[in-house]
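**Q** Quick one: this structure, given as structure tokens, is what I'll be asking you about.
The values are calculated or read from the model by the stated rules, or taken from the named source; none is laboratory data. Every value quoted in this text rests on a predicted model; they were computed, and no experiment measured them. Note that each Cβ is placed from the backbone with ideal geometry, even for glycine, and that neighbours are counted across all protein chains shown. The area values use the complete protein model at the heavy-atom level, side chains included, leaving out ligands, DNA and RNA. Shrake-Rupley method; radii C 1.70, N 1.55, O 1.52, S 1.80 Å.
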Amino acid sequence: MRMVLAGLLAFVVSAVVGRFLIPTLRAMKAGQSIKEIGPNWHRAKQGTPTMGGIMFMVACAVAVAVFGWQDLAAGDWSAFSVLALALLYGAIGFVDDYAKIRKRENTGLTAGWKFLLQLAVAIAFLALLRLGGHLSPNLYLPFINLSVGLPWAVYLVFAAFVVVGCVNAVNLTDGLDGLAGSVTLPVAVFFAVLSAWWDRGAVGVFAGALAGGLLGFLLYNFHPAKVFMGDTGSLFLGGAVCGMAFALDVPLVLVPVGIIYIVETMSDILQVGYFKLTHGKRIFRMAPLHHHLELGGWGEVRIVLTFAGITVAFCLLAFVGVMYRYGM
């Protein structure tokens, strides 16, 4: 029940914040710069306010603070740990977005600085979860219901790169109106249901808040978008998704529930690698995959709904694969 109430509160907060935030961002001239190499019709989006992810960031923080305090009082601070992780990644994204706005171009922090900051945040989060007893170095294998014990140092290295990879994969998926939000919404619902199934109320509160916050944001971000989430929002979402997976100690569930993130990232990696190997040839019309489909005649709404539908199907599959993680 608390996760449902957290979702409702987060929806209201996100929707209300949006009414004030979008005019403020316009007044600040915090408009998105569109890359020259993107689809030509995306240039019409030039100047659309960015950093709209602040809506669901504030919504999640408020909802977790209101409905998660009793878990915190009982010694379970997993929800606040996930929230802290997501907010720190959102802060990195905010710095990146702010740099882009100041430069008036679609480049912010250097790749090196982004990676180092993201890696440091990931290691701190994982160490905190381990210290609180919410994370073990036993890697759970979905579907076969087995765990493989690893030395903590090995697990930490593996887990840190999973977190950083997940965060950047979600960031890459944010390329069309409503895409990252619509794909992440069923993932948030999946973790809410899984938390309820396992009686992990703290993480469930965060998952419910994230789902509600995203619904409120999509009121403004679905095509045609009045605001973009920016790196502020997409890095927050990446941190939230992988944070919930690790807080529930099922990191490999990110493979099925994050199938769209993975496919989008792999399409980009394959495109760049093939382009370099063949000195200019391409596998896709444009990477990542959503741009390939756009140039093939798919509309933005069709792509978003298709990707969201695929995510729903894989979330259902993932639930079957991990539902007995902690027994019947």
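**Q** Considering the range 285-297 alone, what residues qualify as being at pLDDT 90 or above and surrounded by 15 or more Cβ atoms within 10 Å (Cβ to Cβ)?
**A** Met286, Pro288, Leu289, His290, His291, His292, Leu293, Glu294 - these are the residues of the range 285-297 that are at pLDDT 90 or above and surrounded by 15 or more Cβ atoms within 10 Å (Cβ to Cβ).
**Q** Does Ala308 satisfy the criteria of being at pLDDT 95 or above and closer than 29 Å to Leu135 by Cβ?
**A** When the stated conditions are applied, Ala308 does not pass them.
**Q** Taking the stated definitions as given, is Asp249 open to solvent by less than 20 Å² (accessible area, probe 1.4 Å), at pLDDT below 95, part of a helix (DSSP H, G or I) and of a type in the set (D, E, K, R)?
**A** So Asp249 does not fit the description; no.
**Q** Might you check whether a residue that is modelled with pLDDT under 95, among the hydrophobic types (A, V, I, L, M, F, W, C) and within 20 Å of Ala15 (Cα to Cα) occurs anywhere in the range 79-92?
**A** No, the range 79-92 contains no residue that is modelled with pLDDT under 95, among the hydrophobic types (A, V, I, L, M, F, W, C) and within 20 Å of Ala15 (Cα to Cα).
**Q** Considering each residue of the range 177-204, count those that are open to solvent by 10 Å² or more (accessible area, probe 1.4 Å), not in a helix (DSSP H, G or I) and not acidic (Asp, Glu), and give that number.
**A** 2
**Q** In addition: Leu237: part of a helix (DSSP H, G or I) and open to solvent by 40 Å² or more (accessible area, probe 1.4 Å), yes or no?
**A** So Leu237 fails the test.
**Q** Is there a residue in the range 226-249 that is touching a Gly at 6+ places or on another chain (Cβ under 6 Å) and hydroxyl-bearing (Ser, Thr, Tyr)?
**A** yes
**Q** Oh, and also: Give the number of residues within the range 158-176 that are touching a Pro at 6+ places or on another chain (Cβ under 7 Å) and either buried (at least 24 other Cβ atoms within 10 Å of the Cβ) or closer than 27 Å to Asp249 by Cβ (or both).
**A** Of the residues in the range 158-176, 3 are touching a Pro at 6+ places or on another chain (Cβ under 7 Å) and either buried (at least 24 other Cβ atoms within 10 Å of the Cβ) or closer than 27 Å to Asp249 by Cβ (or both).
**Q** Next up: Mind checking which residues of the range 12-49 are of a type outside the set (A, V, I, L, M), open to solvent by less than 100 Å² (accessible area, probe 1.4 Å) and at pLDDT below 85?
**A** Residues satisfying the conditions are Gly31, Gln32, Ser33, Gly38, Pro39, His42, Lys45, Gly47.
**Q** If I filter the range 123-139 for residues that are closer than 30 Å to Ala30 by Cβ and assigned to a helix (DSSP H, G or I), do I get at least one hit?
**A** yes
**Q** Do we find that Ala207 is modelled with pLDDT of 95 or more, closer than 20 Å to Val312 by Cβ, open to solvent by 10 Å² or more (accessible area, probe 1.4 Å) and out of contact with any His (no Cβ under 6 Å at 6 or more places or on another chain) in this structure?
**A** Criteria not met by Ala207.
**Q** Further, regarding this structure: Could you tell me how many of the residues in the range 113-152 are more than 24 Å from Ala79 (Cα to Cα) and open to solvent by 70 Å² or more (accessible area, probe 1.4 Å)?
**A** Looking only at that region, the number is 8.
**Q** Looking at (1) in a strand (DSSP E or B); (2) under 25 Å from Leu87 (Cβ atoms), find the lone condition where Tyr155 falls short.
**A** (1)
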